[in-house]
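Structure first, commentary second.
The values are calculated or read from the model by the stated rules, or taken from the named source; none is laboratory data. Every value quoted in this text rests on a predicted model; they were computed, and no experiment measured them. Backbone-built Cβ (ideal geometry, glycine too); neighbour counts: all protein chains shown. Quick note on the areas: whole protein, heavy atoms, side chains included, nothing else; ligands and nucleic acids left out. Shrake-Rupley method; radii C 1.70, N 1.55, O 1.52, S 1.80 Å.
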Amino acid sequence: MNYMSKTILVTGASGLVGTAIRKIAPLYGYKFVFSGSKDCDLTNYEQTNAYFNKERPDIVIHLAACVGGLYKNMNNKVQMLEQNLLINFNVLKCCHNIGVHQCICVLSTCIFPDKTTYPIDETMLHNGPPHFSNDAYAYAKRMMEIHCSAYNEQYGTNYSCIIPCNIYGPNDNYSLEDGHVIPSLIHKCYLAKQQCAPFEVRGTGAPLRQFIFAQDLAILILSCIDRLKREMLIVSPSEEYSIKDVATMIAREYSYEDKIVFNSTYSDGQYKKTANNAKLIEIFPEFKFTPIEEGIRESVDYFRYNYSNPNCRK
Ligand code: GDP
């Protein structure tokens, strides 16, 4: 079978990473099917099964998930657990039903154990409970890894899990309450400047995070198709930044650095989740990550330009 005859189904295609994959898909010799929530409700088994039978993909890149930042995870544990368990169960089971041999699933470095040694690597995923703030999400995602391994062991499939750090970029979810830190702060700083108000950052600003630009992740996911064999792969740059660092970079884009305040009545979440990208660097030694200042500039520009666009998620 040559590449051109292979069909890749991308779930979660209208999200942050899905739109980044869509942008570069024409450069790759596959037929792509992009599935967003309007095409199929992945929480519904019958619909998902009918959809997979209609599209009959050879490869599935499974991005769809119920996701959000720290505060969405803390305040919506039932939804984070149930939606993700349903979506992941249905997608993997329907992959099996129609004989999909390769599936690339996406986890997150935020599902690693809370009490751990650093840096965390792929072998440590199940070594202890996740941080209490996102345990519901984390256990649902960990279960997907168990589900992939079970299919691989029993049926010889090639189902793998990519583990990215905190993802950001254009077409993010810029929700003030539910978004991840970079998009939420891009929105908050925009409003603060408009209202000549302080730019409030939640928590102490001390926690450390690794961040990946969505377009970089999209390239790496597609590059993994020929490389990953029934395994886990952490996908993250090495550098860590404090929340204060990223808030300052965002404020700089608005020329509003002197108005940052920290509200430490809010939770900081896990202090750090430093992930080891040695395996990634071994596979892709030449890969150059987008510098965070550049990625933040592009994300702020996207938000400013699209603020009034009804498709801008906020
Ligand atoms: P995490 O990386 O999974 O913890 O998720 P986030 O992207 O939500 O990042 C959470 C970190 O950013 C915590 O230390 C928060 O205190 C800090 N933070 C500061 N302001 C905000 C905000 O407006 N939204 C979010 N989600 N996090 C914020």
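Close amide H contacts of ILE260 (hydrogens built in the peptide plane, cut-off under 5 Å, sequence separation of 5 or more or a different chain): PHE199. Going by a ≥ b ≥ c, the root eigenvalues of the Cα gyration tensor, does the range 110-155 fall in the rounded group (a/c under 1.5), the prolate group (a/b larger than b/c) or the oblate group? It comes out oblate by the Cα gyration axes.
Rounded to the nearest Hz, the phi-derived 3J(HN,Hα) couplings of the range 119-134 under the Karplus curve 6.51 cos²θ - 1.76 cosθ + 1.60 (θ = phi - 60°) are x, 7, 10, 4, 6, 9, 3, 9, 7, x, x, x, 4, 4, 5, 9, where x marks glycine and proline.
Counting only the backbone N, which residues of the range 74-110 are under 20 Å from the spot 7 Å out from the Cα of GLU239 toward its beta-carbon? Counting backbone N atoms under 20 Å from the label point, the list is 109.
Under 25 Å of direct C-alpha separation, and excluding same-chain neighbours fewer than eight residues apart, LYS244 reaches these lysines: LYS72, LYS115, LYS188, LYS193, LYS259, LYS272, LYS273, LYS288, LYS314.
Size descriptors for the range 53-102, from the alpha-carbon set: Rg then Dmax equal 13.6, 38 Å. Under 5 Å from the amide H of PHE112 lies no amide H of any residue 5 or more positions distant or on a separate chain, with H modelled from the backbone and absent for Pro and chain starts. Its relative contact order, with pairs defined as Cα atoms under 8 Å and 6+ residues apart, puts the chain at 19 percent. Residues in the range 93-141 average 38 Å² of solvent-accessible surface per residue, probe 1.4 Å, ligands and nucleic acids excluded. A Gaussian network model of the chain, with springs between Cα atoms under 10 Å, assigns the largest mean-square fluctuation among ARG142, ARG202, ARG227 to ARG227. With respect to the chain, whose longest principal axis is taken over its alpha-carbon atoms, helix 181-194 is tilted by about 40°.
If a/c stays under 1.5 just call it rounded; otherwise compare a/b with b/c (prolate if a/b is bigger, oblate if not). Do that for the range 6-64, with a ≥ b ≥ c from the square roots of the Cα gyration tensor eigenvalues. Because a/c hits 1.5 or more and a/b fails to exceed b/c, the range 6-64 counts as oblate. Highest mean first, the peptides 306-314, 87-95 sorted by other C-beta atoms within 10 Å per residue fall in the order 87-95, 306-314. For the chain, the longest principal axis of the Cα atoms and the long axis of helix 135-155 meet at an angle of about 20 degrees. Pull out a ≥ b ≥ c, the square roots of the eigenvalues of the alpha-carbon gyration tensor of the range 236-279, then state rounded if a/c is under 1.5, prolate if not and a/b is larger than b/c, and oblate in the remaining case. Here the range 236-279 falls in the oblate category.
Can you figure out the FRET efficiency of ASN97 with SER223, using R₀ = 30 Å and their beta-carbon distance, to the nearest 0.05? Between ASN97 and SER223 the formula returns 0.60. Taking only the C-alpha atoms of the range 205-247, Rg followed by Dmax gives 13.4, 40 Å. Radius of gyration over Kirkwood radius for the range 29-185, both on Cα atoms: the Rg/Rh ratio is 0.97. For the chain, the share of DSSP beta bridges that are antiparallel, to the nearest 5, is 5%. From the Kirkwood radius over Cα pairs of the chain, Stokes-Einstein at 20 °C and 1.002 mPa s returns a whole-number translational diffusion coefficient of 107 µm²/s. Listed peptides 35-42, 193-200 appear in the order 35-42, 193-200 once ranked by packing, highest mean of other Cβ atoms within 10 Å at the front. I'd like the carbon and sulfur percentage of the solvent accessible area for the chain, probe radius 1.4 Å, heavy atoms only, ligands and nucleic acids excluded. That fraction is 52 percent. Building the convex hull from the alpha-carbon atoms of the range 1-111 and averaging its projection over directions returns 7.3 nm². Take the Cα of LYS115, step 7 Å toward its Cβ, do the same at LEU27, and the gap between the two points is 4.5 nm.
Here each label is just a point 7 Å from Cα along the line to Cβ, and for LEU176 and THR7 those points are 4.4 nm apart.
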